[in-house]
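Here's the structure we're looking at; comments come further down.
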Amino acid sequence: MEKHSACEHEIHKTHGFCDECEGCHGEHGHDHSVHGGGIAHVHGGHVHIHYPEPSTEKVIEVKGLTVYYKNTVAIEDITLDVHRGEFLAIIGPNGGGKTTLLKAILGLCEKHTGTVKVLGGNGGREKIGYVPQFSSVDRKFPISVIEAVMCAFVGHGIHPFGYFKKADRERAIEFLKRVGIEALAKRQLSELSGGEFQRLLIARALAVSPEILILDEPTASVDPASRASIYSLLDSLNREGMTIILVTHDLLAVSSAVGRIACLNRRLAYHGEPRLTEEVCNEMYGCPIDLIAHGIPHRILGEHSHGEGECND
């Protein structure tokens with residue numbers, strides 16, 4: 001059972017207020033800071049995390065989606081909805097189709113069946129800010145941090161590089177301030193650390209003024225301090241109303257940062273609140289797994305033992 005870092009009480013997560021806590025907020029318990037997009041407080045010796053009820057407006061609708069690479073099925077019969085203001089994490093093993101699902105949402109998969117609607121149709125994709133995998137971006141490209149952000153303005157009739165106006169540079173600085181790297185505006189991409197570069201990619205994605213932010217493994221190549229800082233930034237953006245879809249291998253993020261999860265290994269094993277059951281993990285990974293959190297040891301799944309034929313990884 002997960003423990004709240006401030007008081008070591010057991011954590012229970014719900015959408016809205018549970019029956020025990022209805023009306024008790026600020027009376028029989030004590031408040032904690034926002035925890036993963038929800039408000040935490042203590043009742044009866046337990047920390048209850050209350051998330052806002054999700055919006056009924058669907059910003060992404062995926063129905064019966066199957067994507068092929070040549071004659072190979074990458075993902076099969078995926079159906080899920082994302083509502084405005086959600087913070088959704090897509091998890092699963094390598095090769096399970098997580099990035100493929102993102103590409104389908106972005107309209108980058110040509111060979112597929114089923115439908116994907118963004119903001120009610122096909123034209124909504126221009127309202128998506130996309131942060132690609134760290135390894136897919138050429139950090140040797142000779143461009144400064146502020147120029148990288150201003151490239152987001154090119155599609156809106158602004159001339160690239162030296163032809164940007166003073167107002168464009170001021171606007172770009174505001175996005176760099178939003179992610180905390182405005183002091184690095186004149187640095188070259190190659191001079192940034194992993195965490196700094198990831199924040200730049202987020203600033204670049206925010207510069208298109210998106211309604212939906214999609215990130216593919218944003219913490220895969222950063223140190224623990226940068227990882228925590230990035231999740232804090234994403235949590236802040238989500239609390240401001242940004243819809244976020246995050247592909248991650250970081251199960252600690254699932255337990256503490258996001259509001260909903262989608263578990264994917266070619267097929268969708270689970271889509272709902274951030275609870276990982278042994279059955280779901282069996283379907284995703286082939287065997288039950290334990291998760292030990294640094295500093296706050298806790299078990300996501302129940303005890304299990306490896307039997308004959310089970311994996312030993």
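The values are calculated or read from the model by the stated rules, or taken from the named source; none is laboratory data. These numbers come from a predicted model, not from an experiment. A quick note on method: Cβ atoms are made from the backbone with ideal geometry, for glycine too, and the neighbour counts reach across all protein chains shown. For the accessible areas, the whole protein counts, side chains as well, though only heavy atoms, and no ligand, DNA or RNA atoms are used. Shrake-Rupley method; radii C 1.70, N 1.55, O 1.52, S 1.80 Å.
Computed on protein heavy atoms with a 1.4 Å probe, the accessible areas place 83, 249 in the order 249, 83, largest first.
Per residue, how much accessible area does region 96-150 have with a 1.4 Å probe, in Å²?
Heavy-atom SASA per residue in region 96-150 reads 49 Å².
Note on exposure: 138, 235 ranked by accessible area (1.4 Å probe, complete protein assembly) read 138, 235, with the most exposed listed first. Normalising the average separation of contacting C-alpha pairs (under 8 angstrom, six or more residues apart) by the number of residues puts the relative contact order of region 115-248 at 33 percent.
Summing Lys, Arg as +1 and Asp, Glu as -1, what charge do residues with Cβ under 13 Å from the Cβ of residue 177 carry, residue 177 excluded?
After counting each charged neighbour, the total is +1.
For region 125-242, which whole-number percentage of the solvent-accessible area (1.4 Å probe, protein heavy atoms only) is attributable to carbon and sulfur atoms? Solvent-exposed carbon and sulfur of region 125-242 make up 51 percent of the total.
Given a 1.4 Å probe and the protein chains as shown, residue 267 ends up with an accessible area of around 110 Å².
For residue 76, the solvent-accessible surface computed with a 1.4 Å probe is close to 50 Å², ligands and nucleic acids excluded. Within the assembled protein chains, the solvent-accessible surface assigned to residue 147 is about 50 Å², based on a 1.4 Å probe.
The accessible-area ordering, largest first, of the residues 216, 223, 81 stands as 223, 81, 216, per a 1.4 angstrom probe.
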